[in-house]
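Below is one structure; the comments refer to it alone.
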Amino acid sequence: MERENINYWLVGAYWSDSNPKDQTERFIAEGIWKNGHENKYLDDVKSMKVGDKIAIKATTTQRSGLPFDSRNKTVSLMIIKAVGTVVANRNDGRTVEVEWDTDFKEKNWYFYTVWNTVWHLKRTQKNDKLQTVEKLIDFIWYGKDQDYDWFIKNWLDIESSDKTEEINGTSDIIFGKTPYSVEDIIASGVFLEITEINQILSRLKEKKAIIIQGPPGVGKTFIARKLAYALMSEIDNNRLEFVQFHQSYSYDDFVRGYRPLPDKAGAFGIKDGIFIRFCQKAIGDPDREYVFIIDEINRGNLSQIFGELLMLIEHDKRGADFSVPLVYTQEGEPRFYIPSNVFIIGLMNLADRSLAMVDYALRRRFAFITLSPRFESKQFENWLSARSMATELIKHIVSRISAINNEIRADPLLGENYQIGHSYFCPKGDDFSELDVSWYVSIVKTEIVPLIKEYWFDNPKKAENGERILLS
């Protein structure tokens, strides 16, 4: 068959609800490829013809260990895991039979990638895209190497621009978002080891709901956003939502309730809450991860806010099979479910004595990650040094705050949950060369001293001693 008459398809084999999640080996063994979505890509799969070329891919990101100089940037990566030829189509929108190349060796392709489960490489692109498509086809099916220099010149410098293309009838971003990896989390000023971050991400992927807890100032909100980006493998705020719970936050705000109608004075109607709208958006985009962050999660009445969704948070209760009717269900409306591509990150300040702890019914639905101050870690010192903070100032910060934290930990009425976090001394910017002790003193007097006076409100002498430790 002439190359011009062949269709080229890139397909995914990751089934998040299966064990194993990667179905590549099964597909090769059974001589098939199967669409894991029941109601998506059906027409695309039906259009696959005998003789079409097909390849299984997995999309991720990479920053270190690259075969080219990425200028210290994270780049998108597509792992080509198997290639073959379509030999039959069962015309059910789900399954095609494939003659897989058993001698094929897995290889990596960079820059021009996509997350969709089904990607038809159209050879009718405009001139600027056709060259890129041809290079990808040559790499996957015809044994040619990727021209890194060409892609660095034509793609690396414009990854932050809004480059879109039509994929399977919808306009999906390929290079409109900046790739993001675990290495980017470290570079941003999260003072954890890569192994620790990978463990947190692993728990988030497995449990689908985690709570990050710790003393004030350890960077809970900061790391939550970075974890979301790393999970999504790119900075995409359209797939990230952030809310803060408080005592007045309710089911009507979060799930659904009656709200005033904007065009009818005195009239009320049913309005979906922020979480329902977020889940509906994720249901329509099942190939990509969506992250919902809840700040101060223990400030709200969680059982009341989540209502009947309490069960659906669980990782094994996701999907349409576990759908439930909402309290305010409208006639003819389908039951609601939380899709498997929605991940929840709750944030909790352990030092707030006015708040009740999370009840046990909700607690078992989350994995808990505890952060602690990192003043004595090498990552903290190196991060400040790399931004030209004076060595003596760094030593002074570490010495004084570590000393007050020792006092706090030793107090039986306080303990480790009330320590001072490192984020108080992580200013914005990339040049700290002009900061001196007066900057440290201003932070201590306006932010740290008021906090320890609150801690020891019933022991003024201890508070005064704490202030002396900080300012000595």
Could you identify the single residue in 248, 202, 233 that is more than 22 Å from residue 318 (Cβ to Cβ), among the small types (Gly, Ala, Ser) and outside the structural domain of residue 37 (by TED's automatic domain parsing)? 248
Looking for whichever is crowded, with 19+ Cβ neighbours inside 10 Å, touching a Phe, Trp or Tyr at 6+ places or on another chain (Cβ under 9 Å) and not assigned by TED's automatic domain parsing to the domain that holds residue 22 here; the options are 278, 242, 322. Which one fits? 278
Looking at residue 368 and the list (1) touching a residue at least 40 places away in the same chain (Cβ under 8 Å); (2) surrounded by fewer than 19 Cβ atoms within 10 Å (Cβ to Cβ); (3) farther than 30 Å from residue 307 by Cα, which single condition is not satisfied? (3)
Given the conditions (1) surrounded by fewer than 23 Cβ atoms within 10 Å (Cβ to Cβ); (2) hydroxyl-bearing (Ser, Thr, Tyr); (3) within 16 Å of residue 179 (Cβ to Cβ), report the number of the one that residue 229 does not fulfil. (1)
Do we find a residue being within 22 Å of residue 16 (Cβ to Cβ), of a type in the set (Asp, Glu), at pLDDT 90 or above and surrounded by fewer than 20 Cβ atoms within 10 Å (Cβ to Cβ) anywhere in the stretch 300-315? yes
Those residues of the stretch 14-40 that are among the basic types (Lys, Arg), closer than 21 Å to residue 207 by Cβ and assigned to a strand (DSSP E or B) come to a total of 0
Kindly provide the set of residues from the stretch 220-262 that are among the small types (Gly, Ala, Ser) and in contact with a strand residue (DSSP E or B) (Cβ under 9 Å, 6 or more places away or on another chain), ordered by number. 224, 228, 230, 233, 250, 257
Out of (1) out of contact with any His (no Cβ under 8 Å at 6 or more places or on another chain); (2) touching a residue at least 60 places away in the same chain (Cβ under 8 Å), the odd one out for residue 246 is which? (2)
Under 8 Å between Cβ atoms, at least 6 apart or on separate chains: pull out the pairs that start in the stretch 23-51 with a residue that is closer than 16 Å to residue 283 by Cα and end on any residue that is buried (at least 19 other Cβ atoms within 10 Å of the Cβ) and of a type in the set (Val, Ile, Thr). 36/117; 37/117; 40/117; 41/117; 41/118
Condition first: surrounded by fewer than 21 Cβ atoms within 10 Å (Cβ to Cβ) and either at positive phi or hydrophobic (A, V, I, L, M, F, W, C) (or both). Now tell me which residues in the stretch 283-299 satisfy that. 283, 296
List, please: which pairs have Cβ atoms under 9 Å, are six or more places apart or on different chains, and start with a residue in the stretch 450-472 that is more than 21 Å from residue 397 (Cβ to Cβ) and end with one that is among the hydrophobic types (A, V, I, L, M, F, W, C) and assigned to a helix (DSSP H, G or I)? 454/463; 456/463; 457/463; 462/452
Take the stretch 57-74 and flag every residue that is farther than 18 Å from residue 145 by Cα and part of a strand (DSSP E or B). 58, 59, 60, 61, 62
Just wondering, is there one or more residues in the stretch 208-229 that are assigned to a loop (DSSP other than H, G, I, E, B) and within 30 Å of residue 113 (Cβ to Cβ)? yes
Report the residue count in the stretch 277-293 for those that are in contact (Cβ under 8 Å) with a residue 60 or more places away in the chain and either over 13 Å from residue 115 (Cα atoms) or in a helix (DSSP H, G or I) (or both). 5
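The values are calculated or read from the model by the stated rules, or taken from the named source; none is laboratory data. Values in this document were obtained by computation on a predicted structure and should not be read as measured data. No Cβ is skipped: glycine too gets one built from the backbone with ideal geometry, and neighbour counts run over all protein chains shown.
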